[in-house]
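What follows is a short report on a single structure.
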Amino acid sequence: MIETIQSPADLKRIPPSRLKDLAREVRDILINTVASNGGHLAANLGVVELTLALHYVFQLPVDKIIWDVGHQSYVHKILTGRQEQISTLRQYQGLSGFPKSEESVYDSFNTGHSSTSISAAVGFALARDAKGEKNSVIAVVGDGALTGGMAFEALNHAGHLALDVTVVLNDNAMSISPNVGAMSGYLSRLRMDPAYFRHKEEVEQAFLRIPGIGQNLLRVAGKLKDVVKYLVVPGILFEELGFTYLGPIDGHNLEDLLMVFQKARFIKGPVMIHVMTEKGKGYLPAVNNPDQFHGIGPFDISTGRPFKSGAKTYTQVFGEFMVRKAEEEKDLVGITAAMTGGTGLDQFADEYPTRFFDVGICEQHAVTMAAAMASGGLKPVVAIYSTFLQRAFDQIVHDVCLQNLPVVFAIDRAGLVGEDGPTHHGVFDLSYLRQIPNMTIMAPANEDELNDMLNSALQYEAPTAVRYPRGSGEGVEVKKTPDFIPPGQAVLLREGDQVLLLAVGRMVKTALDTALSLQETGIRAAVINARFVKPLDVDLITSWAIRCGRVVSLEDNVLIGGFGDAVLESLSNISHQPEVLNMGIPDQFVEHGDLDILWHDLQLTPGGVRRQIIERWPELKKNRMIGRI
């Protein structure tokens, strides 16, 4: 059947009795596509029936569906004319792994971060009402995303305005890591207590059938609705926020889903539909290991095992450091925002549960909490992906740096991250952190240097960020006893007298490979591993910049306000100004795709860097045997 569906209109022509068969076809496509391309499998397998029902009842693209985070939108893409392109999912110039309005009219709003969908739904509903239109607006949000404060702000506003919006709560009892917090407990009680499955209308009728009592309740409370609500109505929290609560509903029962969505279309005001789904539904390895299959690389379908293996990842090095350091540092605590496994803190959490804190998808809370912990004498390490740490910028400024508190930020997934694309590339952290007073910023060139930097950061007694890339390192062995790096100390890796390659983080290897490539043409390049973006080793950098006369800065961050700008600032006061070429991420959002392809397009491979150097200074080749020019 799936071949006949090029739009939601085609889906509506299929009898409801055949939708179960269609769901099986969709699951087969999902499993085969993600096994080949990698991606977010468990979440998409869990929303197959939910997505079919939404598209069957609502009228897209006139009606608007906003997918929170959007990693669960693969089924939506299949049903909206992109089935033939699904093999290109997350590939360079192929389909994005997230909703993208530039890609399809059915993708009403671009998403990639958590807890934004209800705010977007409020905005769409206000725009609709201002224009006198009548379409439905639906936000599909996971129970994990409800741990984010932004979701509650939007729920509060929607209820206050009594807007006609529908929020579908996709409750699978976990996000990337198992959900935490009071909201998770509340939803668990809704799922487990049989009393919560009663319909409000049935309870109201039961009260009215009791002679005298029903009328007395009406007389005392004024409204039967309020009495029932406070006693037995499920979803009391959402009802108090102004929502009509429907559920819980079996998210894999198409008959129930179709019925409740049809009902919701005609309810005035905000509606909360609580749908229970199973993450990984239909593929046993994903059901058994939903955290592993949240985001996974290509894998063997028969076993569920990933194909890719190799050197130890930076994330693993960080996690191992935390476990070792906790043995000697009794005040060390680890903090993350719903990314225990993703940040490598799972072993730390197991071995030191009283010193580990997963706050849910609440980056702002995590940072301010860490600031107070530091003020109280603990040594907090906050492990958050670069792209998500952006959400806590004010807390870093106001709560950590303004008070000069010794919070260590372990910033994972810094730089380009590949197939997840522009919503997840961590290419802004150097710029947004470098401007803040009291902040120290480091970036390791390899795994052992990461170990040294983490060890040093805990001794600086000041706000410190250590940012490192996704994936495997360089295969460098990590010392059991890490070294201490004095703040701002760079290291000269290679001497030369014609051009200075000044690199930081993962670009250090690129600089070294570029220097070797230049040597083949007779150009002598010096290489400095800056190690620090703030403070810079001004003396070392200045002396070699003067000696070479030409400087190339290399970074995997946006050029505006980044490492290259810091280099220019440091060289601005010397009398003999060297020529400087800054290389990094241009002023644009980088698309998704294989990292090797992205680096090539950005001319940040050794060959691309060499080419730009020679184009900038063609006299280097002409005079390569003369020495210092």
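The values are calculated or read from the model by the stated rules, or taken from the named source; none is laboratory data. Keep in mind the model is a prediction, meaning the values are calculated, not measured. Every residue, glycine as well, gets a Cβ built from its backbone with ideal geometry; the counts of neighbours run over all protein chains shown.
Residues of the range 286-302 that are in a loop (DSSP other than H, G, I, E, B) and out of contact with any Leu (no Cβ under 7 Å at 6 or more places or on another chain): Asn289, Pro290, Asp291, Gln292, His294, Gly295, Gly297, Pro298, Asp300, Ile301, Ser302. Return yes when Lys268 is assigned to a loop (DSSP other than H, G, I, E, B) and crowded, with 22+ Cβ neighbours inside 10 Å and no when it is not. Judged against the criteria, Lys268 is not a match.
Within the range 79-113, being of a type in the set (Lys, Arg) and either outside the structural domain of Val48 (by TED's automatic domain parsing) or under 13 Å from Thr33 (Cβ atoms) (or both) holds for Arg82, Arg90.
Within the range 29-51, the set of residues being within 17 Å of Gly142 (Cβ to Cβ), in a helix (DSSP H, G or I) and of a type in the set (A, V, I, L, M) comprises Leu41, Ala42, Ala43, Leu45, Val48, Leu50. Residues that are among the β-branched types (Val, Ile, Thr) and under 30 Å from Leu163 (Cα atoms) within the range 266-312 comprise Ile267, Val271, Ile273, Val275, Thr277, listed in sequence order. Scanning the range 274-285 turns up no residue that is in a helix (DSSP H, G or I), of a type outside the set (Phe, Trp, Tyr) and more than 22 Å from Ala23 (Cβ to Cβ).
The number of residues in the range 292-318 being surrounded by fewer than 18 Cβ atoms within 10 Å (Cβ to Cβ), among the small types (Gly, Ala, Ser) and touching a Pro at 6+ places or on another chain (Cβ under 6 Å) comes to 1.
Go through the residues of the range 519-526 one by one and say whether even a single one is within 18 Å of Met583 (Cβ to Cβ), among the hydroxyl-bearing types (Ser, Thr, Tyr) and assigned by TED's automatic domain parsing to the domain that holds Arg610.
No, every residue in the range 519-526 fails to be within 18 Å of Met583 (Cβ to Cβ), among the hydroxyl-bearing types (Ser, Thr, Tyr) and assigned by TED's automatic domain parsing to the domain that holds Arg610.
Contact map, the range 295-314: first residue without any contact (Cβ under 8 Å) to a residue 24 or more places away in the chain and farther than 29 Å from Leu450 by Cα, second residue of a type in the set (Val, Ile, Thr) and surrounded by 11 or more Cβ atoms within 10 Å (Cβ to Cβ), Cβ cut-off under 9 Å, separation 6 or more or different chains; pairs are Gly304/Ile296. Give the range 91-122 a look and list any residue that's over 26 Å from Ala151 (Cβ atoms) and part of a helix (DSSP H, G or I), or say none. Answer for the range 91-122, where residues must be over 26 Å from Ala151 (Cβ atoms) and part of a helix (DSSP H, G or I): there is none. Before we move on, is Asp331 surrounded by fewer than 23 Cβ atoms within 10 Å (Cβ to Cβ), free of Cβ contacts under 8 Å to residues at least 60 places away in the same chain and touching a Leu at 6+ places or on another chain (Cβ under 8 Å)? It is true that Asp331 is surrounded by fewer than 23 Cβ atoms within 10 Å (Cβ to Cβ), free of Cβ contacts under 8 Å to residues at least 60 places away in the same chain and touching a Leu at 6+ places or on another chain (Cβ under 8 Å). Picking from residues in the range 296-351 that are among the aliphatic types (A, V, I, L, M), in contact with a Phe, Trp or Tyr (Cβ under 8 Å, 6 or more places away or on another chain) and under 30 Å from Leu30 (Cα atoms), the one that is modelled with the highest pLDDT is Leu345. Determine if the range 82-90 includes at least one residue that is part of a loop (DSSP other than H, G, I, E, B) and surrounded by 18 or more Cβ atoms within 10 Å (Cβ to Cβ). So far as the range 82-90 goes, yes, one or more of its residues are part of a loop (DSSP other than H, G, I, E, B) and surrounded by 18 or more Cβ atoms within 10 Å (Cβ to Cβ). Within the range 497-525, the set of residues being in contact with a strand residue (DSSP E or B) (Cβ under 8 Å, 6 or more places away or on another chain) and among the polar types (S, T, N, Q) comprises Gln498, Thr510, Thr514, Gln519.
Identify, from the list Lys330, Lys312, Lys308, the residue that is under 27 Å from Asn446 (Cβ atoms) and out of contact with any helix residue (DSSP H, G or I) (no Cβ under 7 Å at 6 or more places or on another chain).
Lys308
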